[in-house]
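*Asks:* The structure under discussion is supplied below as structure tokens; questions concerning it will follow.
What follows is calculated from the coordinates using simple rules that are stated; it is not laboratory data. Predicted model only: the values in this text are computed from it and were never measured. Backbone-built Cβ (ideal geometry, glycine too); neighbour counts: all protein chains shown.
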Amino acid sequence: MPDYKTKLSTAEIEANFAEIDPKMTEAEALFEANRCLYCYDAPCTHACPTHIDVPSFIKKIASENLRGSARVIFDANPIGASCARVCPVEVLCEGACVENTLVEKPIQIARLQRYATDHAVEGDIDLFQIPESNGKTVGIIGSGPAGLSCATYLARLGYKVTVYEKRELAGGLDTYGMAEYKMSQKDSLDEVEMIGRMGVEFRLNTSVSPTKGHEEPRREKKLSNAGERNASLSVPSTQHTVVDQIAFSDLCDAHDAVFVAVGLGKTNDLGIPGEDNEGVFESLEFIGEVKKRAWHDVPLGRTIVVIGAGNTAVDVVTQSKRLGAEKVIMVYRRTRAEMSAFDYEYELAKSDAVEFIWQASPLEIVGNGRVEALRCKKNDGSLEVFEIRCDMIVKAIGQEKMTDFFGAVEIETDQKGRVVVDASMRTSLENVFAGGDCVNGGAEAVDASQAGKRAAAGIHKSLFGENVEFTGQGSSTKCP
Amino acid sequence: MADLTTNFAGITSPNPFWLASAPPTNMGSMVERAFDAGWGGAVWKTLGEPIVNVSSRLAAIDHGSNRMIGLNNIELITDRSLEVNLKEIAECKKKYPGHTVIISLMVESKREAWHEIVKKSQDTGADGFELNFGCPHGMSERGMGAAMGQVPEYTCMVTEWVKEVSDLPVIVKLTPNVTDIVPPARAAVRGGADALSLINTINSIIGVDIDTMIPFPNVNGMAAHGGYCGPAVKPIALNMVSELGRDGEVDVPISGIGGISNWKDAVEFLLLGANNVQVCTAVMHYGYRIIEDMLDGLNNYLDDKGFESVHDIIGKSVGRVTDWGNLDLNYDVVARVNNENCVKCNLCYIACEDGAHQCFSFDEQGYPVVDEPECVGCNLCALVCPAPGAISMVRIDEGGEKRTWKDMTSKS
Ligand SMILES: Cc1cc2nc3c(=O)[nH]c(=O)nc-3n(C[C@H](O)[C@H](O)[C@H](O)COP(=O)(O)OP(=O)(O)OC[C@H]3O[C@@H](n4cnc5c(N)ncnc54)[C@H](O)[C@@H]3O)c2cc1C
Ligand SMILES: Cc1cc2nc3c(=O)[nH]c(=O)nc-3n(C[C@H](O)[C@H](O)[C@H](O)COP(=O)(O)O)c2cc1C
Ligand code: SF4
């Protein structure tokens with residue numbers, strides 16, 4: 001750990017991490033909802049990957065039918081409350097809003113979505129009727145957006161669903177990865193709890209291993225305070241338990257179908273000398289520490305260099321700054337124009353006084369057991385080599401694919417390590433489906449949610465031979 | 001899930017929402033799409049001797065950035081032949097036996113003409129008739145529509161003619177273009193009406209193009225007064241519905257019409273005594289799809305309030321409307337400003353200063369303060385206030401004995 005300690009007080013850090021899009025007041029929500037034109041065949045609905053009927057849910061806010069509004073949202077997107085907070089709406093629904101052309105001010109769809117979903121989540125309102133068991137069971141590996149979505153639709157069709165999650169909390173990156181100023185763990189876990197109330201069983205601290213005898217060694221793990229209501233889904237206290245192992249083949253035997261939603265692995269290594277110096281972190285590790293909100297325990301440097309220029313890199317730089325790092329520098333091997341982060345994310349980093357070094361490739365992490373500098377080479381033709389003095393480095397250059405896992409269970413992947421699926425999200429194995437980041441190579445939570453929906457339809461078709469079209473899946477037939 | 005099925009003068013419908021007789025019910029394919037969307041019933045566009053319509057026939061009033069808070073039209077009854085309409089009604093009823101189809105009628109003031117059209121139309125499978133005594137433009141110049149509805153004797157007489165031959169329930173649709181809605185309503189009941197519906201459109205000129213100086217809608221340089229409807233007419237319709245709800249002689253079901261745009265508007269009509277509702281302008285603005293939230297919102301409302309059926313709320317507010325002379329003069333409210341919500345726009349100050357009773361001053365921090373003894377409790381400041389919760393109207397009387405103007409004048 002670097003020696004540096006933030007000079008900010010807890011209160012100052014809390015203020016820095018205040019929600020970037022706070023909840024609307026009733027007056028704000030009504031004003032904004034009434035501004036919506038209620039377009040027919042609306043562009044926002046087309047732009048949403050889960051095709052939430054946006055004008056419909058907004059009209060219901062205007063008519064003060066909040067329960068109905070929340071139902072419209074969750075009907076098309078089971079993680080609608082999370083998406084309201086984390087979706088890159090500037091390039092999705094709000095980017096498509098016709099009010100952009102009329103008055104250059106789109107309807108604040110995401111905040112309205114949050115207003116409606118909060119009503120259901122905070123009120124513990126159950127929006128869907130769960131039918132009698134249909135006699136079939138499905139095992140889902142991974143409780144991230146893809147797993148949660150698939151579990152919800154299957155539960156709504158009467159499946160007995162068990163979600164296996166190796167971590168101590170459910171929610172995947174919704175719980176462990178989202179920038180804290182967008183969404184807290186509590187928000188994610190509240191949504192998980194709502195899904196739990198539909199009868200979906202969560203087996204936390206349960207890792208699915210690719211083959212028998214391939215199990216990872218049993219690890220000691222912290223677990224939540226058993227006993228309280230839905231304890232396993234809430235933020236954990238400090239009780240100890242072990243991580244269970246279950247072999248993939250046993251899982252397949254135990255269930256009629258399996259949905260693999262394992263996401264991606266840890267952040268890629270740089271493959272340069274010095275990566276094992278103390279003070280070198282990978283982005284997810286760092287973000288995971290921030291998510292605990294034990295602000296003064298998060299590793300922090302005086303000068304932090306973040307390598308990469310995607311949205312994750314932006315999350316790291318902005319959160320480092322908000323924790324009180326004095327200087328935060330983003331290093332990227334290409335130009336600003338080629339940066340993969342969304343424009344508004346870049347603007348956010350800029351407004352947080354982050355510095356940028358473009359066209360510089362890391363050559364070596366200089367240090368003597370501890371990070372002292374990052375040595376880079378300029379890519380602008382000058383080939384200039386230079387060093388950035390720093391006491392902490394965070395790697396944010398994309399996540400690894402889980403190719404070892406898929407190789408071992410003989411699920412086909414493409415050259416980029418992504419699981420190969422057909423239109424129904426079926427993998428190369430009978431009755432094994434996959435979706436989310438492990439299939440698309442890494443996209444947004446909302447894409448994973450849509451993949452889970454499509455997989456649920458694929459599973460149902462495979463097990464019952466019946467075509468079901470969930471809301472927003474592609475056609476108009478509604479889910480029961 | 002509450003029960004939304006309604007029984008209106010013996011006609012059962014899956015829900016209390018019908019489309020009013022107007023362009024959205026022009027023809028079979030439209031009504032069928034409406035039923036698919038969820039509408040419980042439809043009153044077919046008024047049938048009669050085919051007419052010729054003018055081109056350019058609608059105009060609207062906007063308020064700020066809100067489009068079409070009121071709509072005005074100079075359209076007449078159907079311009080399609082009776083045979084085509086009746087054929088489509090029969091087909092539609094065959095396909096949608098559980099949905100309600102009402103045939104709206106309007107012919108000249110001759111007994112044989114009414115007998116003939118009723119006989120021709122009643123074996124289509126339709127569920128009832130609605131007599132259009134309300135159209136205030138065009139048709140009234142020909143002695144039809146409002147020309148019948150404005151004269152109680154005619155209303156009674158024509159209703160009787162229809163009842164002489166009709167095997168189906170007869171609804172009389174009233175015009176609001178009268179000084180008192182009760183006499184024509186009673187006349188219809190006397191004539192044998194099984195139910196009433198109201199309101200049809202209100203006489204209006206929606207505006208004038210101040211550049212060309214031609215009023216809207218422009219028909220080759222000229223305009224005619226037309227029928228006004230849409231959200232802006234709701235208060236007028238609510239009043240008329242409630243007057244009939246309170247009238248002892250009007251003992252037939254009422255179909256409430258006028259400015260209904262969402263489930264909440266519908267609930268208000270039901271509470272004031274309507275047994276179901278009809279909608280036109282809101283559908284012309286947004287399409288049949290608005291029925292989805294009307295049903296969903298009504299359902300959730302009934303569930304939240306613990307009502308099992310929509311019937312349970314009908315007329316619940318009728319007893320809350322009375323004559324002015326029965327209102328309690330001892331009831332006393334005053335305005336109070338809640339600084340934490342105040343945005344200091346000072347609209348309350350100027351409204352009270354120039355439009356009410358000069359009760360406002362400002363404190364050292366610039367917040368408006370009410371001089372309570374001066375406040376008459378008129379509500380104006382609270383109505384103009386844009387900040388929720390910034391002004392509350394607070395009751396200050398002791399809640400003692402009631403004192404009414406009627407009591408006072410009868411004692412003296
Ligand atoms: C730092 C970061 C920030 C992001 N920010 C946003 C954002 O703001 N907005 C947005 O829309 N998207 C964002 N994303 C992307 C989004 O998080 C992902 O697209 C989404 O979470 C993918 O969902 P998933 O279900 O496929 O995988 P994940 O969310 O990764 O979930 C996979 C789950 O599977 C579990 N698992 C893996 N292997 C096993 C196993 N063998 N046994 C049992 N469980 C296993 C994991 O523990 C994990 O819980 C971000 C991603 C990152 C990395
Ligand atoms: C363009 C137009 C045409 C109409 N035509 C008829 C008609 O043929 N017969 C009739 O009874 N009412 C007719 N109406 C009146 C409506 O049925 C209804 O009573 C009125 O519009 C009030 O309801 P609303 O505020 O929901 O629009 C018409 C209204 C409009 C706007
Ligand atoms: S709404 Fe249709 S019929 Fe009317 S003017 Fe426009 S295009 Fe013509």
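*Asks:* Peptide B:383-393: average number of partner chain Cβ atoms within 10 Å per residue?
*Replies:* Neighbouring Cβ atoms belonging to other protein chains average 1 per residue here.
*Asks:* So, one more: Restricting the count to DSSP beta bridges whose residues both fall in the protein assembly as shown, what percent are antiparallel, rounded to a multiple of 5?
*Replies:* About 40 percent, rounded to the nearest 5.
*Asks:* How much of the DSSP beta bridge set in chain A is antiparallel, as a percent to the nearest 5?
*Replies:* For chain A, the DSSP antiparallel bridge percentage is about 35.
*Asks:* Treating only the Cβ atoms of Lys and Arg (+1) and Asp and Glu (-1) as charged, compute the dipole magnitude of the stretch B:219-322 about its Cα centre; round to the nearest 20 debye.
*Replies:* For this selection, approximately 320 debye.
*Asks:* Using a simple charge model, +1 on the beta-carbon of Lys and Arg, -1 on the beta-carbon of Asp and Glu, nothing else, what dipole does the protein assembly as shown show about its Cα centre, in debye to the nearest 20?
*Replies:* Dipole about the Cα centre, nearest 20: 880 debye.
*Asks:* Around A:Ile140, which amide H atoms from residues at least 5 apart in sequence, or from another chain, sit under 5 Å from its own amide H, with H modelled in the peptide plane?
*Replies:* Excluding prolines and chain starts, which carry no amide H, the hits are A:Thr162, A:Val163, A:Tyr164, A:Phe259.
*Asks:* Could you work out the per residue convex hull volume over the alpha carbons of the protein assembly as shown, in cubic angstrom?
*Replies:* It is 233 Å³ per residue.
*Asks:* Oh, and also: If you take the charge dipole of the protein assembly as shown about its Cα centre, with +1 on Lys and Arg Cβ and -1 on Asp and Glu Cβ, which of B:Val267, A:Met194, A:Pro131 is farthest toward its positive end?
*Replies:* Checked the options; the winner is A:Pro131.
*Asks:* Using the charge dipole of chain A (Lys, Arg: +1 at Cβ; Asp, Glu: -1 at Cβ; taken about the Cα centre), state which of A:Ala84, A:Phe342, A:Gly407 has its Cα farthest towards the positive end.
*Replies:* Toward the positive end, the furthest listed residue is A:Ala84.
*Asks:* Something else about it: Ranked highest first by the average count of other Cβ atoms within 10 Å around their residues, in what order do A:267-274, A:183-190 fall?
*Replies:* A:183-190, A:267-274
*Asks:* With the Cα gyration tensor of the stretch B:299-368 giving a ≥ b ≥ c as the square roots of its eigenvalues, does the rule (a/c under 1.5 for rounded; else a/b larger than b/c for prolate; else oblate) give rounded, prolate or oblate?
*Replies:* Verdict is oblate for the stretch B:299-368.
*Asks:* Obtain the nm distance between the two label points defined at B:His285 and B:Val208 by a simple spin-label model: each point lies 7 Å from its Cα along the Cα-to-C-beta direction.
*Replies:* Once both label points are built, they end up 2.7 nm from each other.
*Asks:* Bin by bin, in steps of 10 Å, what percent of the Cα pairs in chain B do you find, going until the bin that has the longest distance?
*Replies:* Histogram of Cα-Cα distances, whole percents per bin: 5, 20, 27, 23, 15, 8, 2, 0.
*Asks:* For A:Cys39, project a label point 7 Å along Cα to C-beta. Then give me every residue of the stretch A:96-129 with its amide nitrogen under 15 Å of that point.
*Replies:* Label zone hits: A:96-110.
*Asks:* On average, how much area does the Cα convex hull of the stretch B:324-411 cover when viewed from any direction, in nm²?
*Replies:* 6.7
*Asks:* Continuing with this model, one more query. Could you work out the mean count of beta carbons from other protein chains within 10 Å of each residue's beta carbon in B:282-293?
*Replies:* 3
*Asks:* Longer than 26 Å from Cα to Cα, which of A:Lys5/A:Lys378; A:Lys291/A:Lys395; A:Lys453/B:Lys94; A:Lys23/A:Lys321 are they? Say none if no pair is. Show your work: numbers first, answer last.
*Replies:* On the way: A:Lys5/A:Lys378 31 Å; A:Lys291/A:Lys395 18 Å; A:Lys453/B:Lys94 38 Å; A:Lys23/A:Lys321 24 Å.
The answer is A:Lys5/A:Lys378; A:Lys453/B:Lys94.
*Asks:* I would also like to ask the following. Given an 8 Å cut-off on Cα distances and at least 6 residues of separation, report the relative contact order of the stretch A:10-122 as a percent.
*Replies:* 31
*Asks:* If I model chain A as equal point scatterers sitting on the Cα atoms and use the Debye formula, what is log10 I(q)/I(0) at q = 0.06, 0.09, 0.14 Å⁻¹?
*Replies:* Here log10 of I(q) over I(0) equals -0.27, -0.63, -1.45.
*Asks:* Taking a cut-off of 25 Å between Cα atoms, list the lysines near B:Lys173, but don't count ones fewer than 8 places away on the same chain.
*Replies:* B:Lys45, B:Lys87, B:Lys93, B:Lys110, B:Lys119, B:Lys120, B:Lys163, B:Lys234, B:Lys264, B:Lys316
*Asks:* Sticking with this one: Report the FRET efficiency, 1/(1 + (r/R0)^6), for A:Ala408 and A:Glu201, where r is their Cβ-Cβ distance and R0 is 35 Å, rounded to 0.05.
*Replies:* 0.85
*Asks:* Once you order the gyration tensor axes a ≥ b ≥ c over the Cα atoms, which shape class does the stretch A:280-395 get: rounded for a/c under 1.5, otherwise prolate or oblate by comparing a/b with b/c?
*Replies:* oblate
*Asks:* Between B:Asn7 and B:Val219, what FRET efficiency comes out of the Förster formula 1/(1 + (r/R0)^6) with R0 = 56 Å and r the beta carbon distance, rounded to 0.05? Before the final figure, lay out each step's value.
*Replies:* On the way: r = 43 Å, r/R0 = 0.77.
Working from the Cβ atoms, E equals 0.80.
*Asks:* Sticking with this one: Using only the Cα atoms of the stretch B:1-87, build the gyration tensor, take square roots of its eigenvalues as a ≥ b ≥ c, and label the shape rounded, prolate or oblate: rounded if a/c is under 1.5, else prolate if a/b is larger than b/c, else oblate.
*Replies:* On the way: a/c = 2.46, a/b = 1.18, b/c = 2.07.
Oblate, since a/c reaches 1.5 and b/c is not below a/b.
*Asks:* Right, here's the next one. For chain B, return all DSSP H helices satisfying: extent of Cα atoms along own axis at least 30 Å; mean Kyte-Doolittle hydropathy at least 0.0.
*Replies:* In chain B, no H run is both long and hydrophobic enough.
*Asks:* May I ask you to derive the FRET efficiency for A:Ala443 and B:Ser55 from their Cβ-Cβ distance with R0 = 51 Å, giving the value to the nearest 0.05?
*Replies:* Values: r = 52 Å, r/R0 = 1.02.
Efficiency computed from Cβ-Cβ geometry: 0.45.
*Asks:* For peptide A:47-60, what's the mean number of Cβ atoms from other chains within 10 Å of each residue's Cβ?
*Replies:* 2
*Asks:* For the stretch B:94-150, what is the charge dipole size about the Cα centre, in debye to the nearest 20, if Lys and Arg each add +1 at the Cβ and Asp and Glu each add -1 at the Cβ?
*Replies:* Using only the charged Cβ atoms, the result is roughly 140 debye.
*Asks:* Find how much the distance from A:Glu372 to A:Phe386 grows on full extension, using 0.36 nm per residue of separation minus their present alpha carbon separation; answer in nm with one decimal.
*Replies:* My answer for the length gained is 3.7 nm.
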